[in-house]
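Working notes, structure below.
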Amino acid sequence: MSDLEIQQDDLYPPEYRAAQKAQATALKAEASDHGLRMETYLVPSIAEWVLTQVERGRFLDPSEAVFAAMQVFTELDAYPDLHEELFRREITKRLNDDGPTIPGDEALAGLKERIKRRAEREPPTWVKVPYPS
């Protein structure tokens, strides 16, 4: 089990994770032929960055930005040593950060609270602009 899976297991109930995995299994074959349409949620800092990039014309819309990010992510998968080096650099950067520290239990409790609050409120939704005919 990866570190990410262990972290997610701490945040989400097992039945929720099992339902997500079952849906992935059920859709995988058809998605391999036809692609996958989905709704996605971006945390505020990433949402702000993506919308800024759309405003600047770097991407046509948020889905194009997510597509580009996923392309980079899948390409990075082919180079686990590079992925590990980037991860190591990020850890080093954060360890050298002089900002305030938060104990692990407190940080995890805060994450769970943020997830709960976000589940109680609908974020704004990007509406695809129809292509002019």
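The values are calculated or read from the model by the stated rules, or taken from the named source; none is laboratory data. This structure is a prediction, so every number in the text was calculated from the model and none was measured. Cβ atoms come from the backbone with ideal geometry, glycine included; neighbour counts cover every protein chain shown. For accessibility, only protein heavy atoms count, side chains too; no ligands or nucleic acids. Shrake-Rupley method; radii C 1.70, N 1.55, O 1.52, S 1.80 Å.
Okay, here's what the table says:
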item: Estimated 222 nm signal from helices in the chain, with DSSP H stretches of n ≥ 4 weighted -39500 (n - 2.57), rounded to 500; result: -22000 deg cm²/dmol
item: By average C-beta atoms within 10 angstrom, highest first, the peptides 104-111, 43-50, 63-70; result: 63-70, 43-50, 104-111
item: Rounded percent of accessible protein surface that carbon and sulfur make up, segment 15-113, 1.4 Å probe; result: 58
item: Longest segment of the chain lacking trypsin sites (Lys or Arg not before Pro) that sit in a DSSP loop with at most 12 other Cβ atoms within 10 Å; result: 59-120
item: The chain - accessible surface per residue (Å², probe 1.4 Å); result: 92
item: Positive dipole terminus of the chain, leading residue within 11, 42, 104 (C-beta point charges); result: 42
item: Potential extension, residue 83-residue 19 segment - 0.36 nm per residue separation minus Cα distance; result: 20.2 nm
item: Values of log10 I(q)/I(0), in the order q = 0.09, 0.14, 0.15, 0.19 Å⁻¹, for the chain under a Debye, Cα-only, solvent-free model; result: -0.40, -1.05, -1.23, -1.74
item: Segment 15-82 and segment 106-126: distance between their alpha carbon centers, rounded to Å; result: 19
item: Rounded to the nearest 20 debye, dipole of the chain from Cβ charges on Lys, Arg, Asp, Glu; result: 440
